[in-house]
Amino acid sequence: MELVPFSQPAEVYIINTCAVTARAGAQSRQLIRRALRANPEARLIVTGCYAQIAAQDILDIADSPICIVGNGCKHRLVEVALADRHCDLEMHLGNIAGQKEICPLTATSFGGRTRAYLKVQDGCNSFCSYCIVPYARGRSRSLAPDRVVAQAEIFADQGYKEQVLTGIHLGHYGHDLTPKTDLRELLALLLDRNLPVRYRLSSLEPTEITDQLLALMAESPSIMPYLHIPLQSGDDRILQKMNRRYPAATFAKVVEQSVARLPDVAIGVDVLVGFPGEDEAAFRNTYALIESLPVSYLHVFPYSKRPGTPAATMADQVSKADKDERVALLRDLDHKKRTAFYRNHLGSVRQILVERRKQGRLLRGYTGNYIPVSCEGDSALVNQLVKVRLEELTEDGVLGRIV
């Protein structure tokens, strides 16, 4: 097999689709049409979340045979792609809602990346009113601890210095296993292996950041001082409409406790702007809450209708003009928060994992608390951990000097 750019004709196309927004579904359909135009005789395999929830829509795109592989059957992708017989409008979907085990997808590399993603969980039981994910991914299910460790060892053997523990609902890790376990116990198990790796956690719900987890993070230099915590709204009425299971005060308490236990921690926050019923007062509650908290950066998303979710049919949809104005205000706040966080660390010496050479000049990497750093240095330092003094703010992070 030879890998070619998607823009070139190929004999096999595998398209991993997204369904998180209606626009993502439309983009998935566009990619399918592009592949069909590039080579109508190609073997076309479509997988991912849009394939899971809209298989018939995909089959209606063309008369050519399309093979659809659902999220619960992704471990069969290679088998399907290399089968002797051509796809004939086949669907390998399975019953995603009844899926009890995570797909056995052992990986050995992340093509050109210096950071490996260690997927330990899939699915979600939360059913937030704006989200299609539980319908596309099924219920929460976890990778057994011994298999997590085996995957971590493979990545370590391949030379990955950082591994990101990830999942659709990472904080639910282990709740479905027998015996029951949790994310903190999994981290402790990984730390016991003493692999030459630094671990980073992906997104965690506010209610899942426990004192025990923070204590382990504070004790271990191998767990990066970094938390990404979805807020979505700082207004209790909107949080209830979203089916988010915490009030704004709980979120604030978690952030403050995290900073108290981990003084250098970077805290990223997801915010969903313009949810149905979000009036000016609700938005102001969100803005004021974030402004008052020691968060480091924001990911700001305008709400968009996702067909198939309860929120799509709710009354009091917010106008595009109001959403655009509120998004702009929060993105300005994001810039202020990032700049203040970076400035607070100027003069300190931090360890960065060098990821690449930026535009042929400076090396680029991230500190443990996720500050992007550029510095001069030899290309041999790529994928190495080096100590850097943070010296000067730049437009896209901090300029540092190797010490």
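What follows is calculated from the coordinates using simple rules that are stated; it is not laboratory data. The shown structure was predicted, so the numbers you read here are calculated from the model rather than taken from an experiment. FYI the Cβ positions are ideal-geometry reconstructions off the backbone, even for glycines, and counts take in every protein chain you see.
Calculated from the structure, semi-axes √(5λ) of the Cα gyration tensor in Å equals which of (1) 52, 26, 20; (2) 34, 29, 23; (3) 61, 22, 16?
The calculated read-out lines up with (2).
Can you list the residues, at least 5 places off or on another chain, whose amide H is less than 5 Å from the amide H of Val12, using H built in the peptide plane?
Amide H neighbours of Val12, under 5 Å, 5+ apart: Arg43.
Which of the lysines could a cross-linker span from Lys323 if the Cα-Cα distance has to be under 27 Å and same-chain partners fewer than 8 positions apart are dropped?
Lys241, Lys305, Lys336, Lys337
Quote to one decimal, in nm, the extra length available between Asp279 and Asp396 on full extension: 0.36 nm per residue of separation minus the C-alpha distance between them.
38.8 nm
For the pair Lys320 and Gln351, what calculated FRET efficiency results from E = 1/(1 + (r/R0)^6), where r is the Cβ-Cβ distance and R0 = 45 Å, to the nearest 0.05?
0.55
Can you give the net charge of the other residues whose Cβ lies under 12 Å from the Cβ of Tyr117, counting K and R as +1 and D and E as -1?
Charge balance in the 12 Å sphere: +3.
In the neighborhood of Ala215, defined by Cβ-to-Cβ distances under 15 Å, what is the net charge if each Lys or Arg adds +1 and each Asp or Glu adds -1?
-3
Based solely on its DSSP helices, what 222 nm [θ] is calculated for the chain when runs of n ≥ 4 H residues each add -39,500 (n - 2.57) and the sum is averaged over all residues, nearest 500 deg cm²/dmol?
So the helix-based figure for the chain works out to -9500 deg cm²/dmol.
With a sphere of radius 10 Å drawn around the Cβ of Asp316, what net charge do the other residues whose Cβ falls strictly inside it have (Lys, Arg +1; Asp, Glu -1)?
Around Asp316, the charge tally is -1.
Between Asp236 and Ala340, take the C-beta separation as r, use R0 = 30 Å, and let me know the FRET efficiency to the nearest 0.05.
The pair Asp236/Ala340 has a calculated efficiency of 0.65.
So for segment 96-224, considering every pair of alpha-carbon atoms, how many percent are separated by more than 27 Å?
Percent of Cα pairs beyond 27 Å in segment 96-224: 17.
May I ask you to compute the full-extension gain from Thr313 to His86, defined as 0.36 nm times their residue separation minus their alpha-carbon distance, rounded to one decimal in nm?
Computed gain between Thr313 and His86 is 77.6 nm.
Please give the residues of segment 325-354, grouped as numeric ranges, whose backbone N is less than 20 Å from a label point set 7 Å along the Cα-to-Cβ vector of Arg389.
342-354
Show log10 I(q)/I(0) for segment 12-94 at q = 0.16, 0.20, 0.21 Å⁻¹, two decimals, from a solvent-free Debye sum over equal Cα scatterers.
-0.51, -0.82, -0.90
Per 0.36 nm of contour for each residue apart, how much would the distance between Arg361 and Ala107 grow if the chain were fully extended, relative to their Cα-Cα spacing?
88.3 nm
Please give, to one decimal in nm, the separation of the simple spin-label points placed at Gln27 and Lys253, each 7 Å out from Cα toward the Cβ.
3.8 nm
So which trypsin sites (Lys or Arg not before Pro) in segment 270-364 are both in a DSSP loop and have at most 10 other Cβ atoms within 10 Å of their Cβ?
Arg361
So how far apart, in nm, are the two label points at Glu153 and Val382 if each is 7 Å from Cα heading toward Cβ?
Calculated label separation equals 3.0 nm.
Nearest 5 is fine: what % of DSSP beta bridges in the chain come out antiparallel, could you say?
Bridges in the chain that DSSP calls antiparallel: roughly 40 percent.
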